Amino acid sequence: MKSPRDHPKGECRSAQPEGSRVPAWLAWGARGAAALVLAASSGCVSVGIGGDVAAHAQLALHDASATPVVALAAPIVPALLVQPQPAGALADTQAIAYSRRAHEFAFYQLASWTERPVRQLPRLLQRRLEARGLAGAVGLLGEPLRADWLLSLGIDTLHHDVAAPPGSGRVAITVDLFDRRTRARVARRSFEASMPAAEANSAAAAQAMSQAVARVFDELLPWLEAELRRAARSPV
């Protein structure tokens, strides 16, 4: 993967105060070595006039739904567990990925997720399912919750597509519904959403991907409700 940048189309430069009379070789000796160390450790560092390294932003992937969730009158099943599936490099890292060309990815330098998407997305789905009241209790696999139903969640992609700036936030997932009583998979489906980014930068990318998460959940829940109702009526 390529070296990350905070802005997909930006360049990395260091700046010196205008009008400085310090000889170039002396300025290098005083500040250049430190700049080299920073550049080597992070790939590329933007330095302001005062010599301060640009701040690193911590951005939260979230469920950016603008529509309030309406709870069901009664849960469909007593309990449901959500199981995260192992993810690839784009989701099993706190680095925020972007892509200018198909099948080529890089990471933003001056921003990262507050939590790896492979851990954050199942938690967001758990909260959405709890708000909907789809099950009497919703937990993550590993929690001390007994449930006959398990929903596995795999992240297929999560990145900022900037092939045509300012680009869009893309999210794709695959979910499997299992009946743990019979150890059988009863349903499987993939969901994908792409939401436009306001700008070609990390903050706008994070917001667009969060909106794509919400769109994916909006499509997932009706499907899951229908599958649970059908499966719950079937004899064991």
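The values are calculated or read from the model by the stated rules, or taken from the named source; none is laboratory data. A quick note: this is a predicted structure, and the numbers were derived from the prediction, not measured. Heads up, the Cβs are rebuilt from the backbone with ideal geometry, glycines too, and the neighbour counts pull from every protein chain shown. Note: areas computed on protein heavy atoms with side chains; ligands, DNA, RNA excluded. Shrake-Rupley method; radii C 1.70, N 1.55, O 1.52, S 1.80 Å.
Restricting the search to the stretch 150-166, which residues are open to solvent by 60 Å² or more (accessible area, probe 1.4 Å) and in a strand (DSSP E or B)?
So in the stretch 150-166, the residues open to solvent by 60 Å² or more (accessible area, probe 1.4 Å) come out as 156, 163-165.
Selection gives D156 alone.
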Exactly one of F178, F217 is assigned to a strand (DSSP E or B) and surrounded by 17 or more Cβ atoms within 10 Å (Cβ to Cβ), and that one is F178
Hey, any hits in the stretch 212-232 for a residue that's farther than 19 Å from R170 by Cα and among the basic types (K, R)? yes
Consider A147 carefully, then state whether it is touching a Pro at 6+ places or on another chain (Cβ under 8 Å), in contact (Cβ under 8 Å) with a residue 24 or more places away in the chain and part of a loop (DSSP other than H, G, I, E, B). yes
Scanning the stretch 55-76 residue by residue, those closer than 21 Å to A212 by Cα, over 20 Å from the mean Cα position of the chain (by Cα) and open to solvent by 90 Å² or more (accessible area, probe 1.4 Å) turn out to be T67, P68, V70
Being assigned to a helix (DSSP H, G or I) and in contact with a Leu (Cβ under 9 Å, 6 or more places away or on another chain) is the filter; apply it to the stretch 124-136 and report the residue that is nearest to H62 (Cα to Cα). L124
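Of the residues L141, L129, which single one is more than 21 Å from P68 (Cα to Cα) and of a type outside the set (V, I, T)?
L141
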In this structure, is A95 farther than 26 Å from P222 by Cβ, touching a residue at least 60 places away in the same chain (Cβ under 8 Å) and not aromatic (F, W, Y)? yes
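Here are G139, G169: which of them is buried (at least 20 other Cβ atoms within 10 Å of the Cβ) and part of a strand (DSSP E or B)?
On the way: G139 fails: buried (at least 20 other Cβ atoms within 10 Å of the Cβ).
The match here is G169.
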Do the conditions hold for S210, that is, is it modelled with pLDDT of 95 or more, open to solvent by less than 20 Å² (accessible area, probe 1.4 Å) and over 24 Å from Y98 (Cβ atoms)? no
So, in the stretch 90-135, exactly how many residues are open to solvent by 60 Å² or more (accessible area, probe 1.4 Å) and either farther than 19 Å from D161 by Cα or not polar (S, T, N, Q) (or both)? 12
